[in-house]
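*Asks:* Pasting a structure here, questions to come.
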Amino acid sequence: LMQLPVYPTLLTDIRDGVLTITVNRPDALNALSTRVVQDLEHCISAVSEVLANDDGAWPVRGVIITGTGKAFVAGADIREMEGMTPDEAHAHSSRMHQVTLAVEQLPVPVIAAVNGFALGGGCELAMACDLIYAASSASFGQPEVGLGLVPGFGGSVRLPRYVGPGLARELLFTGRRLKADEAHRAGLVTALFDSAEELLDGAHSTLAAVARQSPTAVALVKRTLSEIEGKPTAEGLALEAESFRTAFTTQDKAEGTRAFLAKERPSFPGR
Ligand code: CAA
């Protein structure tokens, strides 16, 4: 069984092959201080290392990121940023950018389970995940300009990709918050749930469906989607053909096709 170290600002729990990471600073609505960013960095890199070296065992098939209490994450920590120098701010931004890239590079799907406020850095953390699920209590926004700030954890890049350039501009220029249902209609949120409990159940059930598939194939799809992002069609298709070739080198592909033809359920070796 997989063991993770203890992180001061995170709760971690592994159940049924799903790692749940809960940002746990309820007194500051789970704001992303440099400590939280460091804990996230260490936690994601620990998972990534285990998955890179587990030789087909896949102890984690999916990750859920959520927050304690009434917030998902209410942004970067404004109290801490009040005293930051410009260079420290740049380092803070770059470090969290690395965390968002590490989330994108994890070989398993990551679901942001947004239970409450996902503002500024919180919305940006959610957008680094593969899917954003939300409870009806969730709200989203990039309120930076109201603080004399700009997005620092990826919002300028990822928000337009989710909601399109027009709505992204409106939200970034006004700081207006989207309630869960509007965020759902805008394409930021993939699935909406009535309560925080149903939200976590929903995320678990999607990741259970993922866990019935070939882990190498899921990882390959995730990597391919990320590699082809922003590329012209022909280049994207060439990368897809490479991935298709790679799939044919796996034992999972041999087992998946064999099982189909034998009318059996596949038992994927995970490599
Ligand atoms: N940083 C530090 N502390 C925060 C925080 C943040 N982002 N958000 C909330 N808190 C703290 C509050 O200061 C308050 O602390 P005290 O109890 O010590 O006063 C506590 O959390 C509870 O917050 P509120 O009393 O404000 O709770 P509320 O329910 O009345 O309001 C809220 C909730 C609307 C989310 C409000 O807290 C708020 O507007 N928070 C700031 C949201 C924001 O602007 N986020 C963007 C930050 S900038 C950024 O993220 C830059 C980037 O891209 C990297």
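*Asks:* Name the single residue, out of those in segment 1-60 being small (Gly, Ala, Ser) and within 19 Å of the chain's Cα centre (by Cα), that is nearest to the ligand (Cβ to nearest atom).
*Replies:* By that ranking, first place goes to Ala31.
*Asks:* Looking only at helices (runs of 4 or more DSSP H) that lie completely in segment 130-211, which have at least 2 residues being polar (S, T, N, Q) and either within 19 Å of the chain's Cα centre (by Cα) or surrounded by fewer than 18 Cβ atoms within 10 Å (Cβ to Cβ) (or both)?
*Replies:* Of the helices (runs of 4 or more DSSP H) lying wholly inside segment 130-211, those with at least 2 residues that are polar (S, T, N, Q) and either within 19 Å of the chain's Cα centre (by Cα) or surrounded by fewer than 18 Cβ atoms within 10 Å (Cβ to Cβ) (or both) span 196-211.
*Asks:* Still on this structure, please answer the following. Taking Met81 and the conditions (1) within 15 Å of the ligand (Cβ to nearest atom); (2) touching a Lys or Arg at 6+ places or on another chain (Cβ under 7 Å), which numbered condition does it fall short on, given that it satisfies the others?
*Replies:* Here Met81 clears every test but (2).
*Asks:* Could you check segment 109-131 and list, in sequence order, the residues that are of a type in the set (Val, Ile, Thr) and either near the ligand (Cβ under 10 Å from one of its atoms) or touching a Phe, Trp or Tyr at 6+ places or on another chain (Cβ under 8 Å) (or both)?
*Replies:* Matches in segment 109-131: Ile111, Val114.
*Asks:* Hey, could you check segment 240-255 for residues that are surrounded by fewer than 15 Cβ atoms within 10 Å (Cβ to Cβ) and hydrophobic (A, V, I, L, M, F, W, C) and say which is farthest from Ala217 (Cα to Cα)?
*Replies:* Across segment 240-255, the extreme among qualifying residues is Ala241.
*Asks:* Determine which member of the set Ala234, Ala203 is out of contact with any Lys or Arg (no Cβ under 6 Å at 6 or more places or on another chain) and farther than 12 Å from Asp130 by Cα.
*Replies:* Ala234
Every read-out reported here was derived from the displayed coordinates using simple, explicitly stated rules and does not represent laboratory data. These numbers come from a predicted model, not from an experiment. Reconstructed Cβ throughout: ideal geometry from the backbone, glycine too, with neighbour counts over all protein chains shown.
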